[in-house]
Ligand SMILES: C[S@@+](CC[C@H](N)C(=O)[O-])C[C@H]1O[C@@H](n2cnc3c(N)ncnc32)[C@H](O)[C@@H]1O
């Protein structure tokens, strides 16, 4: 399906973002105060890199943004950004440059390769997010926050229940910059147990 070049596409061009997705993170961040100066952030599924661009500005030079993606990131980014090309199903703490310090926030804009069969795609997205939750168990600090992209549909209820076990506050977010016709929705867990 051909995507319309909307207001956010043109704004991203003007402001130097490599993708319009930056505005989804910006909206969620502004509403829920996710990213702060000096924070250590893990960005899963970070390519082409607009979340890296936004998050690195927010954490500043004393923070760190560690990106992970199957695909390379071809941008020039500030020194507080590190990128690892890897599959999150193979990822362990040892692969990351953490210096023994857990992340304050984990963000994931990952989407599985879609098949067009809505229920199968939603299941794949659930499997990705369950892996992210597993990783958060090891890599996210107590009271830390986790933001993941999910698909609307039955598996979302299952994911939400799992989030409620690990986080004191769980919210669904559909930013204005996320296309209304898209099934994507973001799930935010705050206050990790
Ligand atoms: C929508 S894009 C992310 C866009 C990014 N947030 C940005 O602002 O530029 C989703 C990314 O998830 C990555 N991805 C999907 N499955 C993955 C996996 N198992 N491990 C690592 N990355 C994965 C894809 O390669 C793709 O680059």
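The values are calculated or read from the model by the stated rules, or taken from the named source; none is laboratory data. Please read all numbers here as calculations on a predicted model, not as lab measurements. Every residue, glycine as well, gets a Cβ built from its backbone with ideal geometry; the counts of neighbours run over all protein chains shown.
Before moving on, here are some points about what is shown:
- Cβ-Cβ distances below 8 Å connect the following pairs, each with a first residue in the range 15-29 that is under 13 Å from residue 58 (Cβ atoms), a second residue that is near the ligand (Cβ under 7 Å from one of its atoms) and in a loop (DSSP other than H, G, I, E, B), and a separation of six or more residues or different chains: 25/109.
- Qualifying positions in the range 113-151 - at pLDDT below 95 and away from the ligand (no atom under 16 Å from the Cβ): 116, 117, 118, 119, 138
- Filtered residues of the range 40-63 (kept if under 15 Å from residue 145 (Cα atoms) and not in a strand (DSSP E or B)): 55, 59
- Within the option set 152, 190, 123, being over 20 Å from residue 19 (Cβ atoms) and in contact (Cβ under 8 Å) with a residue 40 or more places away in the chain holds for one residue only, 190.
- Some residue of the range 64-71 being part of a helix (DSSP H, G or I), within 16 Å of the ligand (Cβ to nearest atom) and within 14 Å of the chain's Cα centre (by Cα): no
- When the range 40-60 is limited to residues that are surrounded by fewer than 24 Cβ atoms within 10 Å (Cβ to Cβ) and at positive phi, the one that is nearest to the ligand (Cβ to nearest atom) turns out to be 45.
- Boolean, residue 74 is closer than 29 Å to residue 11 by Cα, touching a residue at least 24 places away in the same chain (Cβ under 8 Å) and within 12 Å of the ligand (Cβ to nearest atom): yes
- Residue selected from the range 7-39 under the condition within 16 Å of the ligand (Cβ to nearest atom) and not in a helix (DSSP H, G or I), by the criterion surrounded by the fewest Cβ atoms within 10 Å (Cβ to Cβ): 16
- Considering the conditions (1) closer than 18 Å to residue 66 by Cβ; (2) surrounded by fewer than 16 Cβ atoms within 10 Å (Cβ to Cβ); (3) within 14 Å of the ligand (Cβ to nearest atom), residue 110 is excluded by exactly one of them, (2).
- When residue 1 is tested against the conditions (1) assigned to a loop (DSSP other than H, G, I, E, B); (2) within 16 Å of the ligand (Cβ to nearest atom); (3) at pLDDT 95 or above, the lone failure is (3).
- In this structure, residue 163 qualifies as under 26 Å from residue 32 (Cα atoms) and part of a helix (DSSP H, G or I).
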